[in-house]
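Let me begin by presenting the structure, written as structure tokens, before commenting on it.
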Amino acid sequence: MSSHPVLTAARELQPLIRQYLEEGERRARLAPEVVSAAGKAGLFRLFAPREVGGLEVSLPDALAVTEVIGAADAAVGWYMINSMRPSLATAYVPEPMRAELFAEPDRNFGNSPLPGGKAIPVAGGYRVSGQWPLVTGCEDALWCGLGGMVMDGDGPRQVNGRPDMRYFFIPTAALDIEPTWQDAAAMRGTGSNAASVREVFVPEALAIGAATPLLIDRPVFRQPPSLLFFPIGVAIAFGVLESALQREIEDLGAKASSFTGQTLRDQAPIQELVANSDAALRAARAGHVEAMTAVWDIAQTGTEVPLRLRAQVYASSYYAIDVVRDTISRLYARGTRAAFQQGHPVERALRNLHAIGFGLEAGRMFQHSAGRVLMGGEPLVPVF
């Protein structure tokens with residue numbers, strides 16, 4: 001059982017996060033009180049380097065903290081994992097620019113690794129223009145990490161036979177943010193608005209590519225970002241389902257059938273529903289935590305994580321998200337009609353879990369390559 005102080009802080013934050021959950025949904029952006037408290041607790045610095053006040057938590061700790069926060073509000077968990085990717089990338093950024101990225105260390109990062117930008121090489125860096133349809137937490141961030149392609153004429157520049165994809169750190173002040181998230185039906189508190197930029201200069205040191213040297217060589221920074229982002233994001237879903245299941249149990253235990261007068265708790269189909277839901281959550285979580293813990297144990301030794309173990313992580317990630325999404329759908333369909341009301345915890349969990357699943361769907365190709373690896377083949381995804 002983890003005893004990391006950030007896990008204690010996360011648990012202590014749950015009441016505050018729940019208090020402002022509905023306000024965040026009305027604003028289509030987290031309440032400032034939540035953003036401030038989460039930042040001070042270190043939730044946006046889980047994988048930031050120690051040199052800039054980061055926590056560099058273990059993978060099991062990251063999973064535990066993310067699940068605790070996801071149980072309170074999935075939107076806060078989404079802010080967290082979207083800050084992980086930029087935080088990891090700062091291990092490739094030299095001083096003093098790294099310090100500049102963390103000038104306000106409690107702030108979250110905006111993030112969209114999708115290659116929505118086109119970068120033209122110029123002296124000392126790049127001129128970047130592009131559009132990114134979903135940039136979580138961008139209005140609260142000082143910096144955003146945004147994906148793009150370095151161009152060579154009309155096409156992408158090739159490096160070792162592959163397009164030169166980069167991850168650009170761009171000041172939020174340089175972005176045009178379009179408030180597109182107000183009408184979102186799920187994960188409304190994430191403030192995942194559209195952002196665009198035109199001809200902004202990004203220095204070479206803030207344009208992270210496959211050939212960029214790692215400057216802070218410690219276990220968490222050696223891992224492919226995909227081996228952390230997608231698997232840790234699944235922990236949000238565990239927290240969402242856990243909270244929804246507990247609320248459904250409370251509702252079902254207090255209700256009686258209007259036809260038979262029998263309490264729902266005493267009906268075999270309801271007993272089966274709750275037992276299977278509880279078992280599905282525990283089983284999916286246990287397998288996933290086991291795989292991620294094994295990754296961390298090997299990473300600590302300084303050796304490369306074997307392909308087979310990576311495959312097990314990706315396999316457990318997508319198995320878990322599918323199981324969790326299916327489980328909440330059954331709870332919603334077979335539970336009490338109270339859950340049909342907008343804003344009920346089970347109703348909110350239903351739409352949020354489907355949205356989380358959609359957000360992680362971009363990495364489904366890793367699951368496919370996992371199956372290939374487990375059958376003795378090589379992964380088809382270059383960053384596996």
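Figures for the structure shown
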read-out: Listed residues Val200, Ile298, Thr66: farthest to the positive end of the dipole of the chain (Cβ charges); value: Ile298
read-out: Exposure proxy order (Cβ contacts within 10 Å, fewest to most) of Lys40, Lys255; value: Lys40, Lys255
read-out: Net +/- balance of residues flanking Ala31 in space, Cβ distance below 13 Å, scoring K and R +1, D and E -1; value: -2
read-out: For the chain: relative contact order, % (alpha-carbon pairs under 8 angstrom, 6 or more apart); value: 16
read-out: Against the rule of thumb 2.2 N^0.38 Å, how large the Cα Rg of segment 5-101 comes out; value: 1.08
read-out: About the Cα centre, charge dipole magnitude for segment 110-209 (Lys/Arg +1, Asp/Glu -1 at Cβ), debye; value: 240
read-out: Length-normalised contact order for segment 5-101 - Cα pairs under 8 Å, 6+ apart - percent; value: 30
read-out: Magnitude of the charge dipole, the chain, Cβ model with Lys/Arg +1 and Asp/Glu -1, debye to 20; value: 440
read-out: Among Ile170, Ser129, Pro113 the positive-end extreme of the charge dipole of segment 110-209 (Cβ point charges); value: Pro113
read-out: Estimated [θ] at 222 nm from DSSP helical runs (n ≥ 4, -39500 (n - 2.57)) normalised by residues in the chain, nearest 500; value: -16000 deg cm²/dmol
read-out: GNM top mover of Asn82, Asn111, Asn276 - the chain, alpha-carbon springs below 10 Å; value: Asn276
read-out: 12 Å reach of a label modelled at Met365, 7 Å along Cα-to-Cβ, counting backbone N of segment 146-172; value: 163
read-out: Extension gain from Arg282 to Ala174, taking 0.36 nm per residue of separation minus the Cα-Cα distance; value: 34.4 nm
read-out: Cα gyration tensor, segment 113-229 - rounded (a/c under 1.5), prolate or oblate; value: oblate
read-out: About the Cα centre, charge dipole magnitude for segment 223-374 (Lys/Arg +1, Asp/Glu -1 at Cβ), debye; value: 280
read-out: Share of Cα-Cα pairs in the chain lying beyond 40 Å, as whole percent; value: 15
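A short reminder: the numbers here are calculations on the coordinates, not readings from a lab. Predicted model only: the values in this text are computed from it and were never measured. Using ideal geometry, Cβ is built from the backbone for each residue, glycine included, and neighbour counts are taken over all protein chains shown.
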